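Bear in mind that the values in this text are calculations on the coordinates, not laboratory data. Predicted model only: the values in this text are computed from it and were never measured. Here the Cβ positions follow ideal geometry from the backbone for every residue, glycine too, while neighbour counts run over all protein chains shown.
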Amino acid sequence: MSEKQLILVVDDDPDLVEAVSMKLEALEYRVATAYDGEEAMEKIKEEKPVLVILDVMMPRKNGWEVCDDIKNNDDLKSIIIVLLTAVADSVKTTSYTHHDGKTTLADDYIPKPIDLDKLMEIVKDHCQ
Amino acid sequence: MDPIKINGIRLNKNYVQVTQAYIAGQDQSCVPLYQVLASNKINMVSMTLGAIDNSKVFVSGTIASKHFQQVSSPDESWNYHRDVCTISIYPHHYRLQPLGFFLYLLGSQKISFQNLIFSNAMLTFVVDQTDCDTVIDILSKNFDLPPSHVPFEQEENVEQTKFLKRRYPETRATYMEKRIKTYGITLVSDLNLCSYLFSFDQLAEYGHLIQSMQDKEDKFFYISAYMATLGQTHLFLLTGKSISIPARQTCTAELLSFHGPHFGDRHSIISRALNCLSQKFIPVLQTGCTGASIAIVLPEGYGQEAKTALKDVFEIP
């Protein structure tokens, strides 16, 4: 039997983390959780998830900074990143410019408030 | 016994706890707290409502101090408890063990609380702000936290928040939709609602009893509690099986629960839900809302009717 793929869910809202985690577990994924960007980076380095569902607006280290850290690290850059963003109207592509002028390369994004079923479809597509 | 694993503790300060008690259907002049706040466009970060002894209604809401000052006409039936904070542990996974252990810790350390409420992930206690350091210390020593856990008190990035509120009001969900988005409404039937009333001195004992039910009972479906006058604790526990702790009152019940984006940040949502049920004459036994979650406990047989009624107000995917 193949090993379950590990997904890291990162959001500063524990309720959202829980709701997403439950959906992923029902789809037979393994789930790790983090509640801000710094904790996320620790978990990413430690557990090497296949995909990270990453909130943008978080304390200490935001999602854009986490995204940069992952995509600029040769050991981590293959990790798939799906951004959860409430500012989706500023996202032209997944490589986009945010308000302080940085460009960040994510693999996909979904606008908040999120459609959980649509998020699961995105995860399944990337994890095939 | 191994320490109970949790992922984090969250502390939020500077709230006022407002409580209100009235007789349903009799106190015509008494407007429910949630309706007054909704008309003032003021949000409660959490609220519980309980019908006690079939007629008395008790409402307890947690409001940010800065917002409470904006209430234009506080009702004389309200009681205030200023300078409180909320302390949450997460996730609870609806297990009785962390719930009972939290109650036990507070009781054994003689720390009272104003309110207990739960969301999809969090068990939240409202306590005096003067006790917050003590409670945080007790929790961090007695629960098993991951070394990477986030700080207990989150610092708000004021500039970022201002920018987002100005440009993207939906990011803090201050808007109000005609029909409020949810992730779906779940109805669970064949549940048992147990009501307990005990003195503050017995809190540790009850906490220990609930904790010890972990092996016998699979999980809780709803929990709320508050301290009434004279140090009396009211506790309401909804489980799938009848539980072994003798209760003051028990009844069969159904649970409607739903989650949505930032319910805890937005005014009027619980008011719209309860008004909708009231207009259809659907009785409510208990209600709790905080974070992104709302839970409504109904007498047996009302669940489907209530779910249908709520579709007028809430969008169900």
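Okay, here's what the table says:
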| item | result |
| --- | --- |
| Inter-label distance, nm, simple model (7 Å from Cα along the C-beta direction), residue B:134/residue B:229 | 2.5 |
| Highest-MSF residue in chain B out of B:233, B:86, B:250 [GNM, Cα springs under 10 Å] | B:250 |
| Residues with amide H under 5 Å from that of residue B:119, placed H, sequence gap 5 or more | B:124 |
| Placed amide H near residue B:15: partners under 5 Å, 5+ positions off or other chain | B:65, B:83, B:84 |
| Projected label distance in nm at residue B:250 and residue B:179, using a 7 Å step from Cα toward the beta-carbon | 4.0 |
| Length gained when the stretch residue A:105-residue A:4 is fully extended (0.36 nm per residue, less Cα-Cα span) | 33.7 nm |
| Estimated FRET transfer efficiency when R0 is 41 angstrom, pair residue B:279-residue A:75 (beta carbons, to 0.05) | 0.10 |
| FRET efficiency, residue B:212 to residue B:149 (Cβ-Cβ, R0 22 Å, nearest 0.05) | 0.20 |
| Among B:293, B:278, B:189: highest mean-square fluctuation, GNM of chain B, C-alpha pairs under 10 Å | B:278 |
| Neighbour-count order for A:60, A:30, fewest beta carbons within 10 angstrom listed first | A:30, A:60 |
| Along chain B, longest interval not containing exposed GluC sites (Glu not before Pro), exposed being DSSP loop plus at most 10 other Cβ atoms within 10 Å | B:157-317 |
| 5 angstrom amide H check on residue B:191, placed H, neighbours 5+ away | B:253 |
| Paramagnetic label zone (point 7 Å from Cα along Cα-to-C-beta, residue B:197; backbone N under 20 Å) in segment B:16-49 | B:19-27, B:48-49 |
| Order of B:37, A:54, B:197, B:209 under a 10 Å beta carbon neighbour criterion, fewest first | B:197, B:209, B:37, A:54 |
| Karplus 3J(HN,Hα) series, Hz, for segment A:29-39 with 6.51 cos²θ - 1.76 cosθ + 1.60 (x for Gly, Pro) | 8, 7, 10, 10, 10, 8, 10, 7, x, 5, 5 |
| Segment B:63-92 residues near the modelled residue B:5 label - backbone nitrogen below 16 Å, point 7 Å along Cα→Cβ | B:90-92 |
| Candidates B:211, B:279, B:109, ranked by Gaussian network fluctuation over chain B, Cα under 10 Å, top entry | B:279 |
| Radius 12 Å from Cβ of residue B:303, net charge of other residues (Lys, Arg +1; Asp, Glu -1) | -3 |
